[in-house]
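For reference, the structure is listed below as structure tokens.
The values are calculated or read from the model by the stated rules, or taken from the named source; none is laboratory data. Predicted model, so just to flag it, every value in this text is computed and none were measured. Glycine gets a Cβ as well: all are built from the backbone with ideal geometry, and neighbour counts include every protein chain shown. Quick note on the areas: whole protein, heavy atoms, side chains included, nothing else; ligands and nucleic acids left out. Shrake-Rupley method; radii C 1.70, N 1.55, O 1.52, S 1.80 Å.
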Amino acid sequence: MSNPFTLLSSSSQCAARRGELRTLHGTVQTPVFMPVGTQATVKGVTPEQVRELGAEIILGNTYHLYLRPGHELIKKFGGLHRFMNWSGPILTDSGGFQIFSLQQLAKITEEGAAFKSHIDGSSLFLSPESAVAVQEDLGADIMMCLDTCIPYPADYRQAEEATELTSRWAARCRASQRVDGRLLFGIIQGGMYHDLRLRSLAALQEIGFDGYAIGGLSVGEPEELMYEICEATAAAMPAARARYLMGVGTPRNLVEAVYRGIDMFDCVMPTRNARNGMLFTSRGRLVIKNARYQDDPRPPDEECGCYTCRHYSRAYLRHLYQAREIMASVLMTIHNLSYYTGLMAAMRRAIEEDRFLEFYRDFNNATNAA
Ligand SMILES: Cc1ccc(CCc2c3nc[nH]c3cc3c(=O)[nH]c(N)nc23)cc1
Ligand SMILES: [Zn+2]
């Protein structure tokens, strides 16, 4: 199995690294933020806008697309790339996390996960084999193993049982791959227990994957605990393979995780918060509905070059938001995604120039001062 990840440079000051990940639909520069497109769209923006604001790879979701419109329909239309008119790389999650987080009715057995559709209540089932088959039908460039995401908090025995099941499912995922060229990532579980995290990683490395994800974080645990587990797990992960921290996070989380050696991120925050009128800026967060912006002529972020910041005032965005105009979501999503992709590009440059520690300090000073 050839390694699709190339390590281009490593910081001499910390674990941050610069790399690139080759996929069937193009090469991704890392560290990278991947916008979430759960239902075959990055909510509120077109694929052209997503490309223009600097995103190279987007995420799709097996659980949601399996339920609606169904992976068979998407396959009939030539796969997710054709269906949603996105020609770049797509990573799909396996559905494991969504089954556990979207409903309590899921029943987990050795065979797989039985659950009820949150749309029409019909009974459904995902096994490791069918989760991989659905992702292949969707045409994903990077697929995730079906895993059991351990809730927080969980006792040691519960975490151990779920982690061992995840390892057995991972072997079945790897064995069931049918299509060449697609990448499959293993997902490290283990709850908040370092020994279980290392045991999970060792089991996945024994099977052998194209990249490795840290799962089971950003599930309600304290931020310091997330950093502790991320740091210890990343340090034990193979340096030559891509490292993906699932579901993370705020801008500060991204900087702290890149500092600890993570390459790939996804989070609903930039898109979801935009729709709720919360903007990320180089001076911290900005809640647009606040009356102080009623006649503020400035752009959301005077250091941002995105379409929204080049053409619109905070007063205008506040007006759109208060009037429940669709353009409020569109313009604020463009800005938040531009802020995230801009932050990643700045970190990639800092690592290339071996000055990441200076970047890290400047970022903390700017956002702490806000
Ligand atoms: C479209 C899409 C949405 C969301 C995701 C990531 C969803 C996600 C988590 N989000 C926060 N914490 C998370 C942990 C896990 C996890 O342990 N396993 C899996 N498979 N996914 C996770 C992937 C794709
Ligand atoms: Zn902007």
Write down the accessible area per residue of the range 80-236 in Å², having rolled a 1.4 Å probe over the full set of protein chains. 39
Can you tell me which lysines have their Cα less than 21 Å from the Cα of K116? Leave out same-chain residues fewer than eight positions away. K107
Given 0.36 nm per residue, what is the gain on full extension from Q29 to L165 after removing their alpha carbon distance, in nm? 45.7 nm
Probe 1.4 Å, all protein chains present, accessible-area order of H71, H194, H319, H335, largest first: H319, H194, H71, H335
In whole Å, how far is the Cα centre of the range 194-264 from that of the range 312-370? 24
Pop out the carbon and sulfur fraction of the accessible area of the chain as a percent, whole number, probe 1.4 Å. 51
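Compute, for the range 86-154, the length of the dipole vector about the Cα centre, with Cβ point charges of +1 (Lys, Arg) and -1 (Asp, Glu) only. Units Debye, rounded to 20.
Result for the range 86-154 is approximately 300 debye, rounded to the nearest 20.
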Computed for the range 179-230: size of charge dipole around the Cα centre, +1 on C-beta of each Lys and Arg, -1 on C-beta of each Asp and Glu, debye to nearest 20, value 180
Residue-wise HN-Hα coupling along the range 337-353, computed from phi with Karplus coefficients 6.51, -1.76, 1.60 (Hz; x: Gly, Pro): 5, 5, 4, 5, 5, x, 5, 5, 4, 5, 5, 4, 5, 4, 5, 4, 8
One quarter of the convex hull surface, Cα atoms only: what value does that give for the chain in nm²? 17.9
If you project the alpha carbons of the range 268-361 onto their three principal axes, what span does each projection cover, largest first, in Å? 46, 24, 20
Assign unit charges at the C-beta atoms only (+1 for Lys and Arg, -1 for Asp and Glu), then state the dipole size of the range 5-266 relative to its Cα centre in Debye, rounded to the nearest 20. 520
Can I get the semi-axes of the range 121-178's equivalent ellipsoid? Compute them from the C-alpha gyration tensor as square roots of 5 times the eigenvalues, in angstrom, largest first. 24, 14, 10
Of R178, R68, which has the most accessible area and how do the rest follow, probe 1.4 Å? R178, R68
Options C149, N276, W169, ranked by Cα towards positive dipole end of the chain, top entry (Cβ charges): N276
Which far-off residues, 5 or more places away or on another chain, put their amide H under 5 Å from the one on L183, with H placed in the peptide plane? I142, M143
Between the Cα axis of helix 128-138 and the main Cα principal axis of the chain, the angle (0 to 90°, nearest 10) is 50
Please work out how much accessible surface R51 shows to a 1.4 Å probe, ignoring ligands, DNA and RNA, in Å² rounded to 10. 100
Mind grabbing the accessible area of K289 for me, 1.4 Å probe, Å², rounded to tens? 110
With label points set 7 Å from each Cα along the Cα-to-Cβ direction at S12 and E228, the distance between them in nm comes to 3.3
Zone residues, the range 96-120, relative to Q39, backbone N less than 13 Å from point 7 Å out along Cα-to-Cβ: 118-120
Just to be sure I understand the model, the point goes 7 Å from the Cα along the line to the Cβ. What's the resulting E48 to D195 distance in nm? 5.8
Ranked order, F359, F115 - accessible area, probe 1.4 Å, largest first: F359, F115
R0 = 25 Å: FRET efficiency of A345 with N3, Cβ-based, nearest 0.05? 0.55
Over the heavy atoms of H311, what accessible area does a 1.4 Å probe trace out, to the nearest 10 Å²? 110
Angle between the Cα long axis of helix 156-176 and the longest principal axis of the chain, 0 to 90 degrees, nearest 10? 80
